[in-house]
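Right, one structure below, let's go through it.
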Amino acid sequence: MKNENTNSRRKFLDKGLKIGIITAISGIGLSKLASKLTAQTDESSGDKMELMTTDGTIIQVDSSEVMEMDTSKKHEEYNVREGMPNRKFVMVIDLAKCKNALKCQTACNKQHYITGEHAWLKVYKMQEDEDTAPYWMPTTCMHCDHPACVTVCPVDATFKRRDGLVLIDNERCIGCRFCMAACPYSTRVFNWSEPNQGEITMLMDMENQTEHNSAEFAGLPSVKGTVDKCDFCPHAIKENELPHCVTACPNGVFYFGDKYEDTVTNGEETLRLSKLLEEKSGYRLMEGLGTKPSVFYLPPVDRLVDFKEGLESFTDFKSVDTQE
């Protein structure tokens with residue numbers, strides 16, 4: 001009985017392996033398969049490929065009978081307000097690695113053209129109580145699964161995509177700031193004036209005269225009288241690139257990835273999201289509110305950096321270098 005079970009399992013695994021191989025061949029088609037089943041072709045390569053028919057039967061086909069299909073139309077289906085199907089973007093911030101280098105903030109400010117009093121990404125000096133050691137804590141928009149900001153927006157300027165990103169359409173935004181009042185994490189900022197980064201401003205204005213989707217305006221000037229916030233860099237994600245804060249951080253503090261794939265990376269190492277959160281006791285801010293943030297934190301234990309090193313770059317309430 002034991003031998004029969006073993007043999008059955010081997011057969012199942014063998015068939016499963018074949019099906020897995022077949023499934024992986026996503027860029028081929030069977031336009032000539034019908035003729036192969038009914039008659040022999042004149043030319044044959046001699047190389048065989050295993051494929052599966054619609055009824056689940058494994059068959060062998062000459063490789064000359066398989067042709068590549070054009071899959072370029074997939075990219076045309078992307079819609080900035082809908083997002084990417086079958087994706088759920090998340091971020092993990094390792095507090096044990098942060099030393100307030102502010103490279104993440106500088107990169108975010110530059111790439112998103114941020115000026116004014118407050119950056120989208122802020123690093124706070126934190127301390128639980130007088131008996132615990134202080135640590136540095138980067139904060140971004142939490143891109144909640146149940147975002148309060150979306151609920152209160154009267155003009156649908158703030159919206160949530162199916163891939164988890166919460167974005168703002170500045171052409172719709174009327175500056176009522178209801179979303180700022182509703183956000184429990186205080187991560188939104190209001191543009192009280194036009195952006196000013198000296199010569200960078202003029203160059204960006206000249207380069208960005210072309211039409212663009214205001215819901216994906218990263219790298220373009222902010223709009224006076226509207227609300228802004230961290231957007232997880234959708235313009236970079238669309239090109240299979242990491243957000244700017246992730247790539248700019250010299251200490252690998254930020255991990256970004258897909259929750260459905262259970263994978264995150266900081267550009268140097270790629271880890272299993274579930275395993276990382278379990279082993280490092282990952283948590284989310286204010287989980288009791290039911291907002292279900294997409295940003296996870298790893299506690300500042302076994303720290304890899306000296307907290308005092310970050311004091312050289314720390315200034316209260318200043319997060320953007322403006323140019324006169």
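We did not get these values from a lab; they are worked out from the coordinates using the rules stated. Since this is a predicted model, take the numbers as computed values, not measurements. All Cβ positions, glycine included, derive from the backbone under ideal geometry; neighbour counts span all protein chains shown.
For the pair Leu304 and Thr57, the difference between a 0.36 nm per residue extended length and the Cα-Cα distance amounts to 83.4 nm. Stretched out straight at 0.36 nm per residue, the stretch from Arg177 to Lys275 would grow longer than its current Cα-Cα span by 31.4 nm.
Legend: P(r) of the stretch 213-317 from all alpha carbon pair distances, 5 Å bins from 0, whole percents, reading 2, 9, 15, 19, 20, 17, 13, 5, 1.
Using 0.36 nm per residue and subtracting the Cα-Cα separation, the extra length available between Glu239 and Thr132 on full extension is 34.3 nm. Electrostatic bookkeeping for Ala96 treats Lys and Arg as +1 and Asp and Glu as -1; over the other residues with beta carbon under 11 Å from its beta carbon, the sum is +2.
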